[in-house]
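One structure below.
The values are calculated or read from the model by the stated rules, or taken from the named source; none is laboratory data. Bear in mind the structure is a predicted one, so any value in this text is a computation, not a measurement. Neighbour counts run over all protein chains shown; Cβ positions are idealised from the backbone, glycine included. Note: accessible area is taken over every heavy atom of the protein model, side chains too, but ligands, DNA and RNA are not part of it. Shrake-Rupley method; radii C 1.70, N 1.55, O 1.52, S 1.80 Å.
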Amino acid sequence: MNTIYNLLETILPFSWIEYNFMKNALLAVVIITPLFGILGTMIVNNRMAFFSDALGHSALTGIALGAIMGIADTNFSMTAYAIIFAVLLNYIKNKKTLSTDTLISVFSSFSMALGLVILSRGGNFSKYSSLLLGDILSINPMEIRLLCIILIVTLIYWFVGFNKLHSVAINTSLAKSKKININLVEASFCILIAVIVMLSIKWVGILIINALLTLPAAAGRNIASNMREYHLFSLLISVFSGITGLILSFYLGTATGPTVVIIAALIFFITLIIGTVKSK
Amino acid sequence: MLWTFNQDIKRNKVHESSGNFACGQHCLKIRDISVKADEEFIIDKINLHIHCGKLTVIIGRNGAGKTTLIKAILGEVKHSGRIEFTDLKSNAVEDLKIGYVPQNFHIEKNTPVSVYDLFAGYISRTPVFLKKSKKLYDFIKERLSIFDAQDLIDKRACDLSGGELQRVLLAIAITPMPNLLLLDEPVSGIDKNGMELFYNNIQKIKENFDLAIIMVSHDFEFVKKYADHVVLLDKTILKEGTFEEVSGCEDFLKVFGRVE
């Protein structure tokens with residue numbers, strides 16, 4: 001870790017990088033933002049924005065259940081709960097008895113309310129309120145390594161399974177005729193999102209995680225005309241808003257997550273205008 | 001990473017070099033296919049016998065179970081019964097490969113998916129977000145050119161007209177070459193010229209490649225001209241035969257009236 005710190009200080013001759021917490025935060029941003037940028041492309045294409053939002057909200061319930069059952073590592077209970085939640089949601093969605101957005105909002109409000117009720121018993125909720133906004137400045141090297149592993153797993157998934165995921169997102173019947181296992185593709189993608197959302201939620205925050213997942217991709221979509229441009233733009237926008245947001249929040253003394261979201265949203269509006277002008 | 005795609009080229013070559021026409025020696029038997037929903041049969045004991053090189057058209061009123069039958073053959077809905085595919089030359093039961101053009105193929109506006117991306121996603125393992133492969137690009141262009149759609153390759157799929165999209169989907173459906181091509185009302189939303197072109201293309205597939213075609217259609221003018229076999233469906237098969245035979249039967253007249 002020290003080599004990386006020294007390297008950062010050499011290549012970035014700014015005053016903010018002298019603080020170790022800023023170095024950690026910068027490293028975390030450099031890992032999380034490309035991850036979110038890539039993942040976001042298919043969340044947006046698959047119209048799953050509601051789904052990832054619901055997953056974020058279910059984090060509270062995971063923590064609450066972990067607290068009740070006396071599990072020390074809330075990461076574990078959160079991730080386990082989110083995976084079950086994601087698979088169940090995906091299963092019920094495929095039954096097609098209710099419209100997906102109604103279903104997801106029922107599930108997510110129930111889950112969140114349950115979590116809040118359990119955690120607020122005896123007036124102790126303030127202990128957990130940092131989860132709402134997230135705090136990337138408190139991340140430690142061990143947790144950065146964990147994020148790094150997730151990034152690698154996601155990249156492997158993306159290289160191996162992307163075409164199938166892409167085909168299913170376009171049309172399930174056509175994908176089925178090409179002998180693609182739709183259930184496997186959908187379930188594995190849901191689980192991947194669940195794991196990533198849960199393991200990064202402490203740093204990013206329940207309230208804004210979905211914005212970070214979907215905004216860069218939505219902005220990239222405005223100006224991209226094929227998959228290569230889409231991935232490139234989404235990735236660049238995500239990394240750019242992440243790093244600029246972190247530095248700005250340091251100087252302005254604001255919360256990091258929301259600052260990043262504001263920058264990403266501004267880029268979204270700019271690309272929206274460019275896209276509209278271009279298509280005319 | 002290109003292996004699936006290379007294999008596809010080889011497979012197509014084998015198919016196309018074994019005579020550029022249907023051999024008539026492949027036979028597809030659909031036996032007792034039934035689909036049930038809530039204790040009620042949507043389709044009940046459908047039996048069909050199909051040969052390669054033939055266009056079978058399924059007609060019937062709305063809700064007769066046409067799409068359900070297609071989806072049952074495709075394996076997308078649960079069904080009872082069997083589908084057997086045999087090569088009469090060797091009498092061997094073979095794996096049935098299906099090509100499919102869906103009824104409603106809608107790509108949301110502004111989706112950043114080019115025709116190349118759409119096509120490559122089905123036939124290559126190399127993720128489409130990476131750099132385009134020249135070899136794959138040329139191959140896709142060649143497949144698209146069967147239906148005169150090669151110039152669409154770099155366009156966004158969501159910007160195509162109904163007819164253009166249809167030609168792209170046909171090219172995708174026959175790559176790799178299937179044994180059975182399923183077309184579910186493929187011409188909805190296409191004008192008369194487009195339809196003429198479409199049926200010409202179907203005729204071209206029928207004559208040039210070794211496969212059987214099942215199509216759901218309402219356009220009797222074209223059905224009369226192009227279909228080899230017509231099946232009138234309403235939960236079960238009410239009547240099958242040539243268009244003249246079917247259009248003269250009582251059940252047909254009740255639903256559609258007299259068709260000249």
Practice task
Return the average number of partner chain Cβ atoms within 10 angstrom of each residue Cβ along peptide A:228-241.
Solution key: 2
Handout entry: Residue-level accessible surface for A:Leu184, protein heavy atoms, 1.4 Å, Å²
Key = 110 Å²
Fill in the blank from the handout: Percent antiparallel among DSSP beta bridges confined to region B:127-260, nearest 5, equals 50 percent
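Ignoring ligands, DNA and RNA, how do B:His218, A:His231 rank by accessible area with a 1.4 Å probe, largest first? Please report the intermediate quantities before stating the final value.
Values: B:His218 65, A:His231 20 Å².
Result, largest first: B:His218, A:His231.
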Handout entry: List B:His49, A:His166, A:His57, ordered by accessible area with a 1.4 Å probe, largest first
Key = B:His49, A:His57, A:His166
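For peptide B:129-137, compute the average count of partner chain beta-carbon atoms within 10 Å of each residue's beta-carbon.
Values: counts 17, 5, 1, 3, 0, 0, 0, 0, 0.
Shielding by partners across B:129-137 averages 3.
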Handout entry: Top of B:Asn179, B:Asn47, B:Asn110 by mean-square fluctuation, Gaussian network on chain B, Cα under 10 Å
Key = B:Asn110
Exercise for the section: May I ask you to evaluate 6.51 cos²θ - 1.76 cosθ + 1.60, the Karplus curve with θ = phi - 60°, for each residue of region B:209-218 and list the ³J(HN,Hα) values in order in whole Hz, giving x for glycine and proline? Expected result: 10, 8, 8, 9, 10, 10, 9, 9, 8, 10
Fill in the blank from the handout: Of the residues A:Ala264, A:Tyr5, A:Phe233, the Cα lying farthest along the dipole of region A:2-279 towards its positive end, which is defined by charges on the beta carbon of Lys, Arg, Asp and Glu, belongs to A:Phe233
Practice task
Could you tell me which of the pairs A:Lys178/B:Lys45; B:Lys97/B:Lys192; B:Lys109/B:Lys204; A:Lys164/B:Lys89; A:Lys178/B:Lys54 are separated by over 28 angstrom between their Cα atoms in the structure shown?
Solution key: B:Lys97/B:Lys192; B:Lys109/B:Lys204; A:Lys164/B:Lys89
Fill in the blank from the handout: A:Asn181 and B:Asp151 label points (each 7 Å along its Cα→Cβ direction) are spaced in nm at 4.4 nm
Practice task
Arrange the peptides A:195-203, B:151-159 so that the one whose residues have, on average, the most other Cβ atoms within 10 Å appears first.
Solution key: A:195-203, B:151-159
Exercise for the section: Could you check which residue among B:Lys134, B:Lys206, B:Lys66 shows the biggest mean-square fluctuation in a GNM of chain B with a 10 Å Cα cutoff? Expected result: B:Lys134
Handout entry: Residues of type aspartates and glutamates that B:Lys254 reaches as a straight line, Cα spacing below 18 Å, ignoring anything fewer than 8 places off in the same chain
Key = B:Asp219, B:Asp234, B:Glu240, B:Glu244, B:Glu245
Fill in the blank from the handout: Any residue on another chain or 5+ positions along whose placed amide H is under 5 Å from the amide H of B:Leu181 is listed here as B:Gly99, B:Ala212, B:Ile213, B:Ile214
Problem - Distance between modelled label sites at A:Thr276 and A:Leu7, nm, 7 Å Cα→Cβ extension - result: 4.4 nm
Exercise for the section: Starting at the first residue of region A:19-36, write each ³J(HN,Hα) from the Karplus equation 6.51 cos²θ - 1.76 cosθ + 1.60 with θ = phi - 60°, in whole Hz, x for Gly and Pro. Expected result: 7, 5, 5, 6, 5, 4, 4, 4, 4, 4, 5, 5, 8, 5, 5, x, 4, 5
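Take every DSSP beta bridge whose two residues both sit in the protein assembly as shown, then give the antiparallel share in percent to the nearest 5. List each step's numbers first, then the result.
Values: 23 of 40 bridges.
If I count the DSSP bridges inside the protein assembly as shown, around 60 percent turn out antiparallel.
Quickly rank A:269-276, A:63-70 as a protection proxy: mean count of other C-beta atoms within 10 Å, highest first. Mind dumping the intermediate values first?
Details: A:269-276: 13.9, A:63-70: 16.5.
Peptide ranking by packing, descending: A:63-70, A:269-276.
Which whole number gives the average, over all residues in A:160-168, of C-beta atoms from other chains lying within 10 Å of the residue C-beta? Please report the intermediate quantities before stating the final value.
Values: counts 2, 2, 7, 12, 4, 2, 9, 4, 1.
Taking all residues of A:160-168 together, the mean is 5.
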Exercise for the section: Springs between alpha-carbon atoms under 10 Å, Gaussian network over chain A: tell me which of A:Phe240, A:Phe162, A:Phe36 tops the mean-square fluctuations. Expected result: A:Phe162
Exercise for the section: Enter the accessible area of B:Asp38 (Å², nearest 10), with the probe set to 1.4 Å and all protein chains included. Expected result: 150 Å²
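Determine the sum of side-chain charges near B:Lys29: Lys and Arg each +1, Asp and Glu each -1, restricted to other residues whose C-beta is under 11 angstrom from that of B:Lys29.
On the way: positive: B:Arg31, B:Arg82; negative: B:Asp32, B:Glu84.
The answer is 0.
What does the net charge come to around A:Ile31 if you take all other residues with beta carbon closer than 12 Å to its beta carbon, with K and R at +1 and D and E at -1?
Counting the neighbours of A:Ile31, the net charge comes to 0.
How would you classify region A:8-62 from its alpha-carbon gyration tensor, with a ≥ b ≥ c the square roots of the eigenvalues: rounded for a/c under 1.5, else prolate if a/b is greater than b/c, otherwise oblate? Don't jump to the answer; show the numbers that get you there.
On the way: a/c = 5.20, a/b = 2.10, b/c = 2.48.
Since a/c reaches 1.5 but b/c is at least a/b, the shape of region A:8-62 is classed as oblate.
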Problem - Whole-Hz couplings from phi, Karplus 6.51/-1.76/1.60, listed for region A:206-219; x for Gly and Pro - result: 4, 5, 10, 4, 5, 4, 5, 6, 9, 4, x, 5, 4, 5
Handout entry: Which of B:Arg143, A:Arg121, A:Arg145 is most accessible, then next, and so on - probe 1.4 Å
Key = A:Arg121, A:Arg145, B:Arg143
